[in-house]
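Worksheet: the structure to be examined is printed underneath.
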Amino acid sequence: MRKSKGESERKNKIVRNKTVDRAENSAHTHARLSQETNRTPYTFKCQYCGCEFTTHFHTQKYCSTQCYADAVRHKPKTCQYCREEFQPAHRHQKYCSAECYHLASRTRR
């Protein structure tokens with residue numbers, strides 16, 4: 001049995017209205033919850049780029065996820081063999097060079 005064009009359009013309107021209602025309810029719920037929790041906004045200076053930002057979390061150090069990623073990526077490490085500071089190519093790198101890596105592996109044996 002085929003549905004008429006008018007019946008299909010009415011069903012689409014109902015679905016669209018439900019979606020809009022859900023979105024409005026969600027926004028209303030979030031606004032109400034933030035008022036109920038009465039969070040205090042904090043203003044900090046980003047530890048990577050130095051810009052000021054406002055947040056509701058007192059432990060946040062970076063203004064964005066990009067600043068966090070850059071800060072973690074560019075954090076210098078200390079070589080576990082020669083104890084010199086170096087810039088790691090990836091986050092799991094422990095040695096500053098292949099030479100330190102090979103010398104450390106010889107001493108481990």
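Data overview
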item	result
Top-ranked residue in the stretch 48-70 [being in contact with a strand residue (DSSP E or B) (Cβ under 6 Å, 6 or more places away or on another chain) and not hydrophobic (A, V, I, L, M, F, W, C); ranked as surrounded by the most Cβ atoms within 10 Å (Cβ to Cβ)]	Thr55
Criterion violated by Thr107 - all others in (1) at pLDDT below 85; (2) surrounded by 10 or more Cβ atoms within 10 Å (Cβ to Cβ); (3) outside any loop (DSSP other than H, G, I, E, B) satisfied	(2)
Residues (among the hydrophobic types (A, V, I, L, M, F, W, C) and assigned to a loop (DSSP other than H, G, I, E, B)) located in the stretch 43-100	Cys46, Cys49, Cys51, Phe57, Cys63, Cys79, Cys82, Ala89, Cys96
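The values are calculated or read from the model by the stated rules, or taken from the named source; none is laboratory data. Computed from a prediction, not measured in an experiment: that's the story for all the values here. All Cβ positions, even for glycine, are placed from backbone atoms using ideal geometry, and neighbour counts span all protein chains on display.
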